[in-house]
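Below: the structure, in structure tokens.
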Amino acid sequence: MSHIIGSIITDCADDNARARQELRFASLFGVRPAFHGVTSAAPDIEAAGNLLDQLQVLNDLPKSHEAVQPVMLLNVAPRGEAVKKQWPNGTPFCYVKIGNVLVVSTYAGRGLSLAKKHGLMDEVQVMDIPTVTAAAVGWGELTAEEAERINTTQFRSLEFLPLAAYWLSQGRDVPARTTALEQHDVEGKVWAIDNFGNIKTTWTADELGFDDGKEFILADGQKVVCHHRLADVPADMSALTLGSSGYGKDRFVELVVQWKDGGFYGSNTAADRHTFIVGDNILKP
């Protein structure tokens, strides 16, 4: 018998919102989810990279491992007039199965862009909230009053998103329509900066033309050299290396600065030296 493993990636990440989302998930699925709040200037790019990393972990299990049913919730809702014109109460939610993982996500924006780029999906099942809640009233899962509250809620990733994921995990025939994903330009962008100041990018080695000893000029005008392993980078030098993040055989390229002999605290980091932030392009156009 399978058991649930849960994950939430969201831009609703303050303590109050986090506690409510974790409790909502736990009350539905019986397990506390891993929670990752994306709070950068480009939260959908940050979410896209973290989604791919987490999919790798959840789909990379030995054959002897007992059955699990991973459920991932991704919520980064783009705002603005263009979104309001198309969807009065914000982007709809969608779902897709990637390997063994059920992903239920906001549809618009770049949150699913890296998964699409790596060939993990081309289309998703897009849900209309009032249509889904009307079906739930028919199933006896909601009252008409509860459905109306969910239809108009401001906190849709709390009120609707976990419920839709729960019904899908239970095999309910949740109403949805098959829709293609938009193609977004996400090449060469920073999607995370780790606690060592290493800068994770959306480049793979093949896309960048990565090769040991090859030089590149960054968008800030500084020169970097490619080294496959961080251990091979000379002390106090900026370099591009192949990091641990990615999916399958594709690892993301990272911009790093090798520590001085005194160690981390006596060294600059890539984030200090190059000052790129999430969403930036690291190379000149």
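The values are calculated or read from the model by the stated rules, or taken from the named source; none is laboratory data. Note that the coordinates shown come from a computational prediction; the quantities given were computed from them, not determined experimentally. Here Cβ is always computed from backbone atoms with ideal geometry, including for glycine, and neighbour counts include all displayed protein chains. Surface areas here come from the heavy atoms of the whole protein model, side chains and all, with no ligands, DNA or RNA. Shrake-Rupley method; radii C 1.70, N 1.55, O 1.52, S 1.80 Å.
Remarks
- Lysine pairs in the chain with Cα atoms under 18 Å, if 8 or more residues apart or on separate chains: 16
- The stretch 185-270: trypsin sites (Lys or Arg not before Pro) in DSSP loop, at most 13 other beta carbons within 10 Å: Lys214, Arg229, Lys249
- When a 1.4 Å probe is rolled over the protein heavy atoms, the share of accessible surface on the chain that falls to carbon and sulfur comes to 49 percent.
- Using alpha carbons only, the radius of gyration of the stretch 127-209 set against its Kirkwood radius gives Rg/Rh = 1.21.
- Cα-based Kirkwood hydrodynamic radius, the stretch 62-197, one decimal, Å: 16.4
- Rounded to the nearest Hz, the phi-derived 3J(HN,Hα) couplings of the stretch 111-116 under the Karplus curve 6.51 cos²θ - 1.76 cosθ + 1.60 (θ = phi - 60°) are x, 9, 5, 6, 4, 5, where x marks glycine and proline.
- Considering only Gly221, Ile193, Ser238, the residue lying farthest towards the positive end of the dipole of the stretch 130-241 is Ile193, judged by Cα position with unit charges set on Cβ.
- The chain, helix-only ellipticity at 222 nm - DSSP H runs n ≥ 4, -39,500 (n - 2.57), divided by all residues, nearest 500: -8000 deg cm²/dmol
- Based on Cα contacts under 8 Å between residues 6+ apart, the stretch 129-285 shows a relative contact order of 20 percent.
- Modelled FRET efficiency - R0 22 Å, Val68 with Glu22, Cβ distances, 0.05 increments: 0.70
- For Val68, distant residues with modelled amide H under 5 Å away: His3
- Here is the list for the stretch 194-248: chymotrypsin sites (Phe, Trp or Tyr not before Pro) lying in DSSP coil, each with at most 16 other C-beta atoms within 10 angstrom of its C-beta, are Phe196.
- Built amide H within the under 5 Å cut-off of Asp280, gap 5+: Val190
- What the Cβ-Cβ distance of Glu123 and Asp211 gives, at R0 = 41 Å and to the nearest 0.05, is a FRET efficiency of 0.70.
- Each residue of the stretch 197-210 was assigned a 3J(HN,Hα) from its phi angle through the Karplus expression (A = 6.51, B = -1.76, C = 1.60, θ = phi - 60°), giving x, 6, 9, 7, 10, 8, 5, 9, 4, 5, 5, 7, x, 5 Hz with x at Gly and Pro.
- Shape analysis of the stretch 160-285 yields a ratio of the Cα radius of gyration to the Kirkwood radius, Rg/Rh, of 1.15.
- Taking a sphere under 12 Å around the Cβ of Gly246 and counting the other residues whose Cβ falls inside, with K and R at +1 and D and E at -1, yields a net charge of -2.
- Student exercise, the chain dipole from Lys, Arg, Asp, Glu Cβ charges, in Debye to nearest 20: 260
- The length gained on full extension between Ala144 and Asp14, counted as 0.36 nm times the residue separation minus their Cα-Cα distance, comes to 43.7 nm.
- Here the extension length gained between Asn268 and Asp60 equals 71.4 nm, from 0.36 nm per residue of separation less the Cα-Cα distance.
- Average accessible surface area per residue within the chain, 1.4 Å rolling probe, Å²: 48
- Taking θ as phi - 60° and the Karplus parameters 6.51, -1.76 and 1.60, the scalar couplings of the stretch 119-128 work out to x, 7, 6, 10, 9, 9, 9, 8, 9, 9 Hz in sequence order, x denoting glycine and proline.
- Per-q log10 I(q)/I(0), the chain, q = 0.11, 0.14, 0.15 Å⁻¹ (Debye; single scatterer per alpha-carbon; no solvent): -0.69, -1.02, -1.13
- Straightening the chain between Ala34 and Leu283 buys 86.3 nm, computed as 0.36 nm per residue apart minus the Cα-Cα spacing.
- Amide H to amide H distances under 5 Å link Lys214 with Cys226, where only residues 5 or more positions off or on other chains count and H is placed in the peptide plane.
- For the chain, built as a Gaussian network whose Cα springs stay under 10 Å, the top-fluctuating residue of Ile193, Ile129, Ile217: Ile217
- Loop-located trypsin sites (Lys or Arg not before Pro) in the stretch 1-71, at most 13 other Cβ atoms within 10 Å (DSSP): Lys63
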